[in-house]
1. For the stretch 23-75, name all the residues that are open to solvent by 60 Å² or more (accessible area, probe 1.4 Å), of a type in the set (G, A, S) and under 20 Å from the mean Cα position of the chain (by Cα).
2. For the stretch 151-192, which residues satisfy the criterion of being crowded, with 24+ Cβ neighbours inside 10 Å, farther than 15 Å from A206 by Cα and either of a type in the set (S, T, N, Q) or modelled with pLDDT under 90 (or both)?
3. When you look at R211, is it open to solvent by 30 Å² or more (accessible area, probe 1.4 Å) and closer than 17 Å to L258 by Cβ, yes or no?
4. Can you pull out the residues in the stretch 127-145 that are of a type in the set (D, E, K, R) and open to solvent by 70 Å² or more (accessible area, probe 1.4 Å)?
5. Considering the stretch 9-35 alone, what residues qualify as being more than 18 Å from P101 (Cβ to Cβ), modelled with pLDDT under 85 and of a type outside the set (S, T, Y)?
6. Residues being more than 19 Å from S136 (Cβ to Cβ) and assigned to a helix (DSSP H, G or I): count how many of those fall in the stretch 75-105.
Amino acid sequence: MARPSSSASDVRLDFKDPAKRTNLVFAVVPIASLEVISHQRKASDAHVKRVVESVDRVGFLAPLVVVEREDTDGYFVIDGQHRLLAARELGLRRVPVVIAPRRAARRMLTLNVEKEPNIRERSAVALSIYRELVDSSGALPEDDEEVADATQHAHYVTLGLAYAQYGRLAGSSYEPILRRCDSYLDRPLAECLPIREARAAKVVEAHRLVRAVTDQLKELGAWHEFVGAQIISFANPLRRARKQHSFDETFDKMIAKLHDLEQDPKKVLRAAG
């Protein structure tokens, strides 16, 4: 049912989504009331240009998805930042939106499939949401369903912190190992953040050692494009393991093996042969 309004531009229509029966509102709101939520990935200029061209041809047909702000009047955009930027570029004053419950915001951010995110982007979003949860709900256990829904995987948070420490990290190379040893903890989020920071430091230490061994193999004329993966595979203590393992035990063993390999990089070549 449409709510009473002073003009057609101010119409608000309550409805339920057909899949989850979530209460939603369709509205047309001023662009000045919209702000992109901080967890969103960086916008693409090329994508904005394509949206501008599309709106020029067929109009603004796809509503943005927003949530109401808690601190002031207005809305955070959780899906549609390229459409918002295009609307601003076109000089539009109002745009159509679907207002979703705040509880849906974090989950939507991790499932946004407008552009398939890489591991660095997924980790950055997970870390940003995790930090917000630490600030707002520090007593919440890390293994609570709300945290898992918002961040998707515990190792995304660890990798997000690792990327922050060392931007050249090859996160995808360590993800198979992390999946088997880095899970959510049954402790309050406020206590878990320092633990995650320490885990991230171990991932970075392992990566620096992999690079050091790689550099030595280059000097020996034994470099190839897959040598980093070969070194990680050689040092991986979980190659034959099937069950979930301890993070610290796994990475302590891996780092020790990489230190050993640093003293004799040819070991990885002999293992491959």
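1. Step one: of the stretch 23-75, the residues open to solvent by 60 Å² or more (accessible area, probe 1.4 Å) are 23, 26, 32, 35, 38, 42, 45, 49-50, 53, 56-58, 61, 68, 70-73.
So of that shortlist, the ones also of a type in the set (G, A, S) come out as 32, 38.
Result: S38, single match.
2. T151
3. Working: open to solvent by 30 Å² or more (accessible area, probe 1.4 Å): yes; closer than 17 Å to L258 by Cβ: yes.
So R211 passes the test.
4. So the first thing to find is which residues in the stretch 127-145 are of a type in the set (D, E, K, R), and the list is 131-132, 135, 142-145.
Scanning the stretch 127-145 gives R131, D135, D143, E145.
5. Within the stretch 9-35, D10, V11 qualify.
6. Qualifying residue count, the stretch 75-105: 9.
The values are calculated or read from the model by the stated rules, or taken from the named source; none is laboratory data. It should be emphasised that the depicted structure is a prediction, and the values quoted were computed from it without experimental measurement. Don't worry about glycine lacking a Cβ; one is built from the backbone with ideal geometry, like all the others, and counts go over all protein chains shown. Just so you know, the surface numbers come from the protein's heavy atoms only, side chains and all, with ligands and any DNA or RNA stripped out. Shrake-Rupley method; radii C 1.70, N 1.55, O 1.52, S 1.80 Å.
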